[in-house]
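The values are calculated or read from the model by the stated rules, or taken from the named source; none is laboratory data. None of these values were measured; they are calculated from a predicted model. Positions of Cβ are generated from backbone atoms using ideal geometry, with glycine treated the same way; all protein chains shown enter the neighbour counts.
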Amino acid sequence: MKFFTLFLISAQALAINIQQFQRSNTLTYEMLEDARVKNSHVFNDYDLAFVLGASFLAEPLTLDDANLVDEFRPVIRDMKTVHFGVSAYLMRNLMLGATSFYSIFKDDLNESKSGLGDVDLKLTWRFLSKERYAVAVMPIITLPTAGSGSDASIDLAPTGSIPNVVTMNPLGDGKLGMGAMGIYEHFFDFMNLVVNVGYKNSPDAKFRDLDGSKKFLTGVGAYVPITQKWGVNAEFMRDWTSNFNMNDFYVGTSFGIARRIAGFAGVGMGVGSDGNTLRASAGIKFTPRVWSQKREAIKPIKMNTKRLTKARTIRPRNVVDLEEDTGVQMNLDQEDCKDGYVFDSMNTFIVRFPHDVGLIISPEQLEFITNRIKDNLNDIEKIYVTGHTSSPGDESYNMGLSKKRAISVSQLLVSQGIPKEKVFFRGRGETMLIDNSGSTEAEEINRRVEIEAILKTKSKSCN
């Protein structure tokens, strides 16, 4: 909902949608579209999204009036809007959505008007999806569905002059509009960042000297999680047109009401002379999962610089760093003997770790492993101990934490009688995830140390 200045230059009155930006169907953002990055702070394992919200804007449209002290006169006032939308992921990376709104307002003659706004159809194709970032393109078609009953009467003459009343429809652009938006989203440890860049052509989006028929659209936003159930977001949108620019800065919050229902509330305001007046909005979003695989939002991570320093400076005791101390690259696929097994039916054993824990506390935790290694010690040539972490957190910190885990296990094996010359360790950080879905279960699976026993080719256990 934008604040417009209308210049007193004679021109035909057509139509221009003063709402400008339809509400998005994303779970977190009010106006911006996201690309649903694989790892995210946002609970995004949904296939359908239903959005219902309301907003209020006191003066969405004003007139430049030289006979007034402040030189501006509101010509459309008290706009109350209910906005709604629905979207569905037709395929894993393809989403179809539609948004519209219904507004009630007063025009320049103090008459109450109301009507349905234009409908935006959006098809989002996410063509690049990585662990921490995603890129999508979104074609947009705007259907001119705004009803004629919402035509507003506006007196273009200055206060005290002979009236010059024209009509306009502030809820629609008059004709079919087309455009496209590029979307980039990035997952950081403490926030999600999204950037929108696009272009839209609406031939009849004009009112007197205001020509919004060709618009270059830009937007940037961030969502910062406070807890697992709620966070805050900030968004800045700007329209660039041939003879006027508009912007909107929004600050709000998104919070979980139930597993599949989220609420949102916030305020928007113009920045500079070409923005809007203060806008208040709130609503709910229902996001059921029907056909996709279950996913979880990543919990907010709080880094501890003291822990980080400690993790980076740990010195191994009685164990060998395979790469730093020997220069040998570990081959995790190496298996000299495929027929003998140390740990029942396998030669690799996995030890799980709690979140942000790097130490094995007691020998009892590895009692089964040490006993099996001792029983087969003459057949074992090497023991590779490889530490891993889940993806949340700083990459350098995770590398140090994974190395700390590997050292902890290696030292405990040596302390229990395993010859130190057979034990080699290394850290992999978050570079070898077993499950990259970003769910809570995936994090638990990825936090591990792998103990791999390499058997001698001519051992009694190898046929």
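Miscellaneous remarks
- If you go through the stretch 106-130 and keep only what is among the charged types (D, E, K, R), over 30 Å from N39 (Cβ atoms) and in a strand (DSSP E or B), you end up with K106, K113.
- Test: residue in the stretch 202-215 that is assigned to a strand (DSSP E or B) and polar (S, T, N, Q): no
- Residues in the stretch 266-303 that are within 26 Å of F84 (Cβ to Cβ) and either modelled with pLDDT of 85 or more or assigned by TED's automatic domain parsing to the domain that holds Y102 (or both): 21 in all.
- For the stretch 343-358, filtered to residues that are of a type in the set (A, V, I, L, M, F, W, C) and modelled with pLDDT under 75, the residue that is nearest to the chain's Cα centre (by Cα) is M346.
- All of (1) small (G, A, S); (2) part of a helix (DSSP H, G or I); (3) closer than 16 Å to L366 by Cβ hold for G387 with one exception: (2).
- Any hit, the stretch 426-444, residues being of a type in the set (G, A, S), in the same structural domain as F353 (by TED's automatic domain parsing) and on the phi > 0 side of the Ramachandran plot: yes
- For the stretch 63-83, a residue qualifies if it is crowded, with 17+ Cβ neighbours inside 10 Å and either modelled with pLDDT of 85 or more or among the β-branched types (V, I, T) (or both), and the qualifying residues are V75, I76, M79, T81, H83.
- The stretch 1-52, subset at pLDDT 70 or above and among the hydroxyl-bearing types (S, T, Y), residue surrounded by the most Cβ atoms within 10 Å (Cβ to Cβ): T26
- Some residue of the stretch 221-230 being within 26 Å of L61 (Cα to Cα) and either outside any loop (DSSP other than H, G, I, E, B) or not β-branched (V, I, T) (or both): yes
- Looking across the stretch 407-446, the residues that are of a type in the set (S, T, Y) and part of a helix (DSSP H, G or I) come down to S408, S410, S415, T440.
- Residue check, M79 farther than 23 Å from M246 by Cβ and either among the polar types (S, T, N, Q) or within 33 Å of the chain's Cα centre (by Cα) (or both): no
- Per-region count, the stretch 55-105, residues among the basic types (K, R) and either under 25 Å from D34 (Cβ atoms) or touching a residue at least 60 places away in the same chain (Cβ under 8 Å) (or both): 2
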